[in-house]
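The values are calculated or read from the model by the stated rules, or taken from the named source; none is laboratory data. Everything quoted here is computed from the prediction, not taken from an experiment. Cβ: placed from backbone, ideal geometry, glycine included. Neighbour counts: every protein chain shown.
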Amino acid sequence: MHQNEFQVNYIRHLSGVLDKFAQDKRLTPCHVSLYIALFQFWNMNRFANPISITRAEIMAVSKIGSANTYTKCLKELDKFGYIQYLPSYSPLRGSLVNLYNFDNSTDKGSDNSSDKGRVRAVRPSINNKKQMKQVNNLEEEKNSSSQKPGNMKAEKSKSNQFVKPDLRTVREHFKEKNFPELEAQKFFNHFESNGWLVSGKTPMKNWQAAARNWMLNHEKFKSPFVPKNKLSTDPDKNYSEPL
């Protein structure tokens, strides 16, 4: 019997194919969303094969943003035995896709499995909730593995990016360390004027550490207190003696 003569049960077919997806470790979320989009068009075509598809329509429904990813997933769904993809090389004619019946609850499924040996036996569905959980776990696993080291490095670099403080924050910090507000003002004005560069050339990474160094240098170079207008004279000097 030809594939387009099958009476496809919407629910049983989805149950069968989702169960198969959950067991297939080769699939990514893109494969799953692409197949669901194709299945929707197949349903609109009353499950008659083949269906004619256009890239723009299928990409819009499947939410796949890359044409390369779309083509790659189509070819792989064909290779993995979920569809038969017949590409069109004419801009005026859409590509053709045959979808296989994964409703294995009837005897008709045996005819489908013999079509070029492309469809393997499908384990009967026991619990739809379990199937959906397996599909969700598969998608999470694929999303996790698809994270690129470069992206993770960029996120880490962004989190370590220096954020310059405002004057109020600097004043509070110096106050906590029992340092005068004037020193906080000097510290802020100095680094604000040079673009928060250490030694005038290296971008600052930690302003609190720079503030600690500022406080240490302040203590180190603080001049001893000398009372104003106090002359250094000899109290025992006899001013009656001639010079």
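Figures for the structure shown
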{"item": "Set Lys186, Lys230, Lys205: member being modelled with pLDDT of 90 or more, over 30 Å from Gly16 (Cβ atoms) and of a type in the set (D, E, K, R)", "result": "Lys186"}
{"item": "From Gln161, Gln185, Gln208, residue being surrounded by 14 or more Cβ atoms within 10 Å (Cβ to Cβ) and either without any contact (Cβ under 8 Å) to a residue 40 or more places away in the chain or not acidic (Asp, Glu) (or both)", "result": "Gln185"}
{"item": "Matching residues in segment 53-81 - criterion: being modelled with pLDDT under 95, in contact with a helix residue (DSSP H, G or I) (Cβ under 7 Å, 6 or more places away or on another chain) and over 13 Å from Ser33 (Cβ atoms)", "result": "Ile53, Arg55, Ala67"}
{"item": "Of all residues making up segment 47-75, the number that are farther than 18 Å from Asn9 by Cα and more than 25 Å from the chain's Cα centre (by Cα)", "result": "7"}
{"item": "Sole exception among (1) at pLDDT 95 or above; (2) within 28 Å of Arg12 (Cβ to Cβ) for Met44, by number", "result": "(1)"}
{"item": "Members of segment 48-79 found to be hydrophobic (A, V, I, L, M, F, W, C) and part of a helix (DSSP H, G or I), listed by number", "result": "Ala56, Ile58, Met59, Ala60, Val61, Ala67, Cys73, Leu74, Leu77"}
